[in-house]
Amino acid sequence: MLELKNVNTHYGQIQALHDVSIKVNKGEIVTLIGANGAGKTTLMMTVCGDPHASSGEILFEGESIQRMSTSQIMRKGLAVVPEGRRIFSGLTVAENLHMGAYFSDKAAYEAQLDHVLGLFPRLKERYHQRGGTMSGGEQQMLSIGRALMSHPRLLLLDEPSLGLAPIIIQQIFEIIERLRSEGVTIFLVEQNANQALKIADRGYVLENGRVVMSDTGEALLTHDAVRKAYLGG
Amino acid sequence: MTEASLYLLQQIINGLTIGSTYALIAIGYTMVYGIIGMINFAHGEIYMIGSYVSFIVITGLLAMGSFALPLVLFIALLVAMLIASTYGWTVERVAYRPLRGSNRLIALISAIGMSIFLQNYVALSQGSRDVALAPLISGSVLELGSLETFEVTLSWMQLLIWVVTLVTMTALTLFISRSRMGRACRACAEDLGMTNLLGIDTNRIISLTFVIGAALAAIAGLLLGLYYGVINPFIGFMAGLKAFTAAVLGGIGSIPGAMLGGLILGVTEALTAAYFPSEYKDVVAFGLLVTILLFRPTGILGKPEVEKV
């Protein structure tokens, strides 16, 4: 579904990704783990075309997307829940969700809205409230809900558990698994490696902009080096 | 009413009239700043071009004769809005878009260059002398007091300016708060990059704000042109500075702020001119700008810029 082949990304003179190759198959949950500054967010944003890859190839459903503009890529059927949630805090929950479905017709919008409000009943309660007035967990739900409004086939999640209470993290991971069972392919970037690897089919480990390991989620969970570096021994 | 209060009332009427047109121009500054964080210093020139186009259309249609005046004005308004919007759109494409992402100062210099270019371009093509139009709308709606003491008048022209401004601002507010594109404008103002990540071509939204701002400036160009009856290629400079002051006063980036700032500035100027030597009105207007920048840089309705985490 998504494939990166020898992707390099630069910020000016600084190279952030080195020959990264990653594959996400349809229906999978694939996670990317790594320390702070390893390039996880860069990798995810490179898929979105912001920044563009300086070399290599990115294929989405067989189509080469690395030269397209961000807005073109994001209309192809993938959606992103970016780092830091980035909800529109001055817009209401309803308006935030509407922004996610900017290109949907009315029927598709309404159907997807029902679906999202079913997944996150909390958003229904807060429907006419400004996004910025909600708690961190609620904002994360809104960010995921907004991404789902475009009915994506591939969902990119960048650290959805960051800064949230354990009980909320649990809920978010349950939602991710539920989305997969509904047929959404998931590419999950996480620092919370333990939780991410538990639900992932496969995982990649990123270090200093390079993929250093890839295996099934289970295998990585029990791998000695991974345990030491990312799972607290 | 006493003579003094009648006099005050007249100044407020005059101030609200000029203030309305400041507000119309200020919208263009504030919307562009709200989304891309730059001051479009060529915006005053767009207003001036709107004024010229409406003068040309009005003169032309009147010369052909057999048109009712309201129809002439309406056609002139539409043509001025259309042409000014084209200029607004083009200025952004030519002078600002290629510089986006570079240092803010560079875009600012480009804007000042664009402003000088447009001024001289109009001066060369239309002549740099004043162009006058005989008053088309005369008479007054309301007269209070008596001629012996002091008479307050609200002219039809003033009423027209109020009504057109009110209708325009209402339409703009509805567009921004209710429509799909208006929502996208607000989303862009909050987080341009995120709006882009939702698949929305933010360049088109940016172009849209330039077009809307230019159209509103053209409305002000027609109204003020008719009100004063005289225009020249250099009126955009002062009008632009005043409208910019209004936008900062109300809180740059805020649309209701631009409306409020325009009215406050207009009334302040009128009152200054009424009770002090009238040369002081610009001193007070820009003194207000300095004071606002010193004590409340976010303006009356502006939100303090929150550090993004």
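The values are calculated or read from the model by the stated rules, or taken from the named source; none is laboratory data. These numbers come from a predicted model, not from an experiment. We place every Cβ from the backbone using ideal geometry, glycine too, and count neighbours over all the protein chains shown. Side chains included, ligands, DNA and RNA excluded: accessible areas come from the protein's heavy atoms. Shrake-Rupley method; radii C 1.70, N 1.55, O 1.52, S 1.80 Å.
Taking the Cα centre of chain B as origin and assigning +1 to Lys and Arg Cβ atoms and -1 to Asp and Glu Cβ atoms, the resulting dipole is close to 1100 debye. Between the C-alpha center of the stretch B:231-255 and that of the stretch B:1-41 there is a gap of 9 Å. Comparing each chain alone with all protein chains together (probe 1.4 Å, DNA, RNA and ligands left out), the residues of the stretch B:193-234 losing at least 50 Å² of accessible area are B:Met194, B:Leu197, B:Leu198, B:Gly199, B:Ile200. Once each of the trypsin sites (Lys or Arg not before Pro) sitting in a DSSP loop with at most 11 other beta-carbon atoms within 10 Å is removed, chain B keeps B:130-307 as its longest stretch.
On full extension, the segment bounded by A:Asp105 and A:Ile14 gains 28.5 nm, given 0.36 nm per residue less the C-alpha separation. Measuring between their Cα centroids, the stretch A:1-52 and the stretch B:78-105 lie 35 Å from each other. For the listed residue pairs A:Lys40/B:Lys303; A:Lys5/A:Lys198; A:Lys40/A:Lys76; A:Lys23/A:Lys228; A:Lys23/A:Lys124, the alpha carbons are over 30 angstrom apart in A:Lys40/B:Lys303; A:Lys23/A:Lys124. Once the GluC sites (Glu not before Pro) in DSSP loops with at most 14 neighbouring Cβ atoms within 10 Å are cut out of chain B, the longest remaining piece is B:1-147.
Counting protein heavy atoms only, chain A has 47 percent of its accessible area on carbon and sulfur, 1.4 angstrom probe.
Only Lys, Arg, Asp and Glu carry charge here, each on its Cβ (+1 for the first two, -1 for the last two); on that basis chain A has a dipole of about 280 debye about its Cα centre. Couplings 3J(HN,Hα) for the stretch A:195-203, derived from phi with the Karplus relation 6.51 cos²θ - 1.76 cosθ + 1.60 (θ = phi - 60°), are 5, 5, 5, 5, 9, 7, 6, 9, x Hz, where x marks Gly and Pro.
Taking all protein chains in place and a 1.4 Å probe, what share, in percent, of the accessible surface of the stretch B:203-309 do carbon and sulfur account for? The C+S portion of the solvent-accessible surface of the stretch B:203-309 is 70 percent.
Between the residues A:Ala111, A:Gly217, B:Met1, the greatest Cα displacement towards the positive end of the dipole of the protein assembly as shown, with unit charges on the Cβ of Lys, Arg, Asp and Glu, is found for A:Gly217. When only Cα pairs below 8 angstrom with a gap of at least 6 residues are kept, chain A shows a relative contact order of 27 percent. Taking Cα atoms only, the orientation of helix A:166-181 departs from the longest principal axis of chain A by about 90 degrees. Put simply, the protein assembly as shown fits an ellipsoid with semi-axes of 55, 24, 21 Å; these come from the alpha carbon gyration tensor as the roots of five times its eigenvalues, largest first.
Extending 7 Å from the Cα toward the beta-carbon at both B:Ser5 and B:Leu124 defines two label points whose distance is 5.8 nm.
Taking the charge dipole of chain B about its Cα centre, with +1 at Lys and Arg Cβ atoms and -1 at Asp and Glu Cβ atoms, the residue from B:Leu69, B:Gln11, B:Phe210 reaching farthest to the positive side is B:Phe210. For the stretch B:82-127, the Cα-based Rg and Dmax, in that order, read 11.8, 37 Å. Each principal axis of the Cα cloud of chain A was evaluated for its coordinate range; sorted largest first, these ranges are 46, 40, 32 Å. Each stretch of four or more DSSP H residues adds -39500 (n - 2.57); spread over every residue of the protein assembly as shown, this sum gives -18500 deg cm²/dmol at 222 nm. Applying 0.36 nm per residue to the separation of B:Asn203 and B:Leu294 and subtracting their alpha-carbon distance, the gain on full extension is 29.4 nm.
Note on the protein assembly as shown: antiparallel DSSP beta bridges, both residues inside, total approximately 60 percent of the bridges counted.
Convex hull volume of the Cα atoms of the stretch B:133-250, normalised per residue: 157 Å³.
Between helix B:43-64 and chain B there is an angle of about 50 degrees, using the helix long axis and the longest principal axis of the Cα atoms.
Shown are B:Thr21, B:Thr291, whose ranking by accessible area with a 1.4 Å probe and every protein chain present, most to least, is B:Thr291, B:Thr21.
With a ≥ b ≥ c taken as the square roots of the eigenvalues of the C-alpha gyration tensor of the stretch A:109-194, please select rounded if a/c is under 1.5 and otherwise prolate if a/b is larger than b/c or oblate if it is not? Oblate is the answer for the stretch A:109-194, as a/c is 1.5 or above yet b/c matches or exceeds a/b.
Measuring spread by the Cα atoms of chain B yields a radius of gyration and Dmax of 19.7, 68 Å. The value of relative contact order for the stretch B:172-286, using C-alpha pairs under 8 Å at least six residues apart, is 11 percent. Of the beta bridges in chain A, as assigned by DSSP with both residues counted there, near 50 percent are antiparallel. The A-B contact accounts for approximately 1900 Å² of buried accessible area, totalled over both chains at a 1.4 Å probe radius. Estimated translational diffusion coefficient (Stokes-Einstein, Kirkwood radius over Cα pairs, 25 °C, 0.890 mPa s) of the stretch A:41-138: 161 µm² per second. Loop sites here are trypsin sites (Lys or Arg not before Pro) outside DSSP states H, G, I, E and B with no more than 12 other Cβ atoms within 10 Å. The longest part of chain A free of them is A:68-233. Per residue, the stretch A:91-176 exposes an accessible area of 41 Å² to a 1.4 Å probe, with every protein chain left in place. Average accessible surface for the stretch B:1-95: 37 Å² per residue, computed with a 1.4 Å probe over protein heavy atoms with every protein chain in place. Using alpha carbons only, how many degrees (0 to 90, rounded to 10) separate the axis of helix B:69-91 from the longest principal axis of chain B? Between helix and principal axis, roughly 30 degrees. Rounded to the nearest whole Hz, the Karplus-based 3J(HN,Hα) values (6.51 cos²θ - 1.76 cosθ + 1.60, θ = phi - 60°) of the stretch A:37-46 follow the sequence x, 6, x, 4, 5, 4, 4, 5, 6, 5, with x at glycine and proline.
Sorting A:His10, A:His151, A:His128 by solvent-accessible area of protein heavy atoms yields A:His128, A:His151, A:His10, largest first, with a 1.4 Å probe.
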